[in-house]
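Read the figures in this text as sums done on the coordinates, not as results from a lab. Small disclaimer: the values here were computed from a predicted structure and weren't measured. Glycine also receives a Cβ, built like all others from the backbone with ideal geometry; neighbour counts cover every protein chain displayed.
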Amino acid sequence: MKIILGISAYYHDSAAALLVDGEIISCAQEERFSRKKGDASFPTEAIKYCLKEANISISDVNDIVFFEKPFLKFERLLETYIAFAPRGFKSFAVAMPLWLKQKLFQKRLIINELKKIDKNKCNFDDKLNFSEHHYSHAASAFFPSPYKKAVVLTVDGVGEWATSTYGIGEENNLNLYGQIDYPHSLGLLYSSFTYFLGFTVNSGEYKVMGLAPYGKPIYKDLILEKIIDVKDDGSFFLDQKYFNYSTGLEMISKNFLKLFNAERRIPESEITDFHMDIAASIQAVVEEVMLKITKNLYKKYNIENLCLAGGVALNCVANGKILRESGFKNIWVQPAAGDAGGALGAAYSLWYLKYKMKRKIIEKTDSMKGSYLGPSFSNIEIKSFLEKNNIDYNEYDDKTLLTQTANELKMGKSVGWFQGRMEFGPRALGSRSILGDPRSETMQKNMNLKIKFRESFRPFAPAIMNEHLKEWFNINSESPYMLFVTNILEKHFAAVSEKDKNKKGIDLLNIKRSSLPATTHVDYSSRIQTVHKETNLKFYNLLKEFYEQTNCPVLINTSFNVRGEPIVCSIQDAYNCFIKTNLDILVCGNYILKK
């Protein structure tokens, strides 16, 4: 038996992943345990969880692999400062002490952290390996996919040097053939606009994507003319005079502000039509670049399968366009496409590169087990918590629990849904979810403002029973990880009055566009999740019960958290979130809590 532990850490979204004989046993992000959103620290608690899930100690692990190579990253840092000198000394002075004290000697730092977990004093020097950042991403995309052969594309901010890579995966081999290097980065371009719009880099990109449909891409041509030069094959060049991420402590330069004749939006201030148009414009640019890249790769290799990873692969609007227009017949996106997924990819890369093992391909779904790879809590554990804290509850058998929950949802109640193993990746997929009735005209605004405490423009995703997908949405592919956006079918459109047709900006939010108003965005799009009984039977059965009561096979599914906090992990987290929000009901295991 071979046990491999993958680790990503020290930049953002640290995580751990455990493979036993090539099978994924457990994966989790450190933020879920520390309760620090995007936690970049060493994933001690995530590692402890992974070991506990496998019922082993760290001394039982054969290999430990870190998701990137620190020396290559340091080389890029030094060469960048030299290339831009004397500009950037302030940034250099901030970064160097941290590198010289910690990051440059990361092997020793990692070993010291591992020793804190170890009780048997094993020799980690012989066990520790290093993968490359983009190879880890690519491995996380291809090896758990359902394809024997596929084109593999990874696009993110930056790894060691690479910002975009492509290659071919076949059976148990994965080779990367081309890349675009720093400072030319599609991920950093999008993050720069995220920063300009007053959102937080590395977490606010979703907001830009959600804001885009409210605006018009009137600055798209200006961005393509001045900021990014895109070739027919999708390769690109960024004019660095508009950016400051290489030499300064901010993402954008004064030239960027001058180009748009505007200052950076102050966080939490009013969002204007200008901000919506900027969001629409950068979203349109990213979609165009990703389409050019993927169309070229399809034409070049004539392989029908595509695998995606890297932070840009979480742009599900672009993914939807790639699915419809690139030529690829099948697309599989790693559900933890960001740096957290690098932990899994690093472990996979060692399993196939070092041990040359034959790959086990699960063609009907994939090897991710629905991405339900985190901690679970039994009814015994949940009941113990409730009784210890004198919390009132009602206990039901499975069938009655589903009937009661579906009925509450039908009556317009919001439900915290805490069941089974926690999801790996940024999406809640029906284990740590907040649910609602998508037919409600007020649910989106109420859930955003009174439960999630976030911007009212943010859209919600519809979770739908897979067999009903084509009755509601214009898509020919399953979407179990909520990573594709498509339009609701025209037959479900609602009539829009002449008065409403003239509305624009945030006022578009108040227009009922379909029979599922709470999950239909202002452009008639939805970020869909197909729910399958093979991977999440309890959630599937809840949807089935709701369908039987309402003739609607769809529920709102959003992550069980409030703005600024990670998705809940434990029953304590779930209860805390339930109490401090306007959630109506908490369904945890076979227990229902009401306020």
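For the stretch 329-426, the set of trypsin sites (Lys or Arg not before Pro) satisfying both a DSSP loop assignment and a count of at most 14 other C-beta atoms within 10 Å is given as Lys329, Lys354, Lys356, Lys358, Lys360, Lys364.
For the stretch 181-333, the equivalent ellipsoid derived from the alpha-carbon gyration tensor has semi-axes of 27, 17, 14 Å in decreasing order. Since only His521, Ala16, Leu469 are under comparison, the one whose Cα sits farthest along the positive direction of the charge dipole of the chain, derived from C-beta charges on Lys, Arg, Asp and Glu, is Ala16. For the stretch 181-333, give the share of DSSP beta bridges that are antiparallel, in percent and rounded to the nearest 5; count only bridges with both residues there. DSSP beta bridges in the stretch 181-333 are roughly 50 percent antiparallel.
Protection proxy ranking, highest mean first, for peptides 341-347, 38-44, 121-127: 341-347, 38-44, 121-127, where packing is the per-residue count of other beta-carbon atoms within 10 Å, averaged. The value obtained for the stretch 317-452, namely the Cα convex hull volume divided by the number of residues, is 213 Å³ per residue. Over 13 Å, how big is the tail of the calculated P(r) for the stretch 283-325, in percent of all Cα pairs? Summing the P(r) of the stretch 283-325 above 13 Å gives 50 percent of all pairs.
Of the residues Gly420, Pro459, Asn561, the one whose Cα sits farthest toward the positive end of the charge dipole of the chain, with +1 on the Cβ of Lys and Arg and -1 on the Cβ of Asp and Glu, is Asn561.
Dividing the radius of gyration of the alpha carbons in the stretch 251-407 by their Kirkwood radius gives 1.11 for Rg/Rh. Around the amide H of Ser414, modelled in the peptide plane, lie the amide H atoms of Asp584, Ile585, all under 5 Å away and 5 or more residues distant in sequence or on another chain. Per-residue extension of 0.36 nm, minus the Cα-Cα distance of Ser235 and Lys358, leaves a gain of 40.9 nm for this segment. Legend: P(r) of the stretch 226-295 from all alpha carbon pair distances, 10 Å bins from 0, whole percents, reading 17, 42, 34, 7. Across the cross-link table entries Lys388/Lys452; Lys127/Lys329; Lys69/Lys299; Lys292/Lys364; Lys258/Lys445; Lys358/Lys544, which are compared at the Cα atoms, the separations over 31 Å belong to Lys127/Lys329; Lys69/Lys299; Lys258/Lys445; Lys358/Lys544.
Ordering Val312, Ile282, Ser246 by the projection of their Cα atoms onto the charge dipole of the chain, which places +1 on the Cβ of Lys and Arg and -1 on the Cβ of Asp and Glu, puts Ser246 at the extreme positive end.
As a length-normalised measure over Cα pairs under 8 Å and 6 or more apart, the relative contact order of the stretch 445-595 settles at 29 percent. In the chain, Cα pairs under 8 Å separated by at least six residues give a relative contact order of 16 percent. Estimated at 0.36 nm per residue, the fully extended path between Asp500 and Lys450 surpasses their Cα-Cα distance by 15.4 nm. Convex hull volume of the C-alpha atoms in the chain, normalised per residue: 149 Å³. Its Cα gyration tensor gives the stretch 488-565 an equivalent ellipsoid, and the semi-axes of that ellipsoid, as √(5λ) in whole Å with the largest first, are 28, 17, 10. Using the Cβ-Cβ distance between Ser376 and Asn261 with R0 set to 60 Å, the FRET efficiency from 1/(1 + (r/R0)^6) comes to roughly 0.70. Within the chain, helices built from complete DSSP H runs that reach 27 Å or longer along their own axis (Cα positions) and carry a mean Kyte-Doolittle hydropathy of -1.0 or higher are 273-301.
Computed over every Cα-Cα pair of the stretch 7-58 and binned at 10 Å starting from 0, the pair-distance distribution P(r) comes out as 31, 51, 18, 0 percent.
Over all other residues within a Cβ to Cβ distance under 9 Å of Asn129, the charged ones net out to +1, with Lys and Arg as +1 and Asp and Glu as -1.
Here, the stretch 379-594 is characterised by an Rg to Rh ratio of 0.97, where Rg is the alpha-carbon radius of gyration and Rh the Kirkwood radius. Computed about its Cα centre, the charge dipole of the stretch 379-594 is approximately 640 debye, with only Lys, Arg, Asp and Glu carrying charge at their Cβ. Note on the chain: antiparallel DSSP beta bridges, both residues inside, total approximately 70 percent of the bridges counted.
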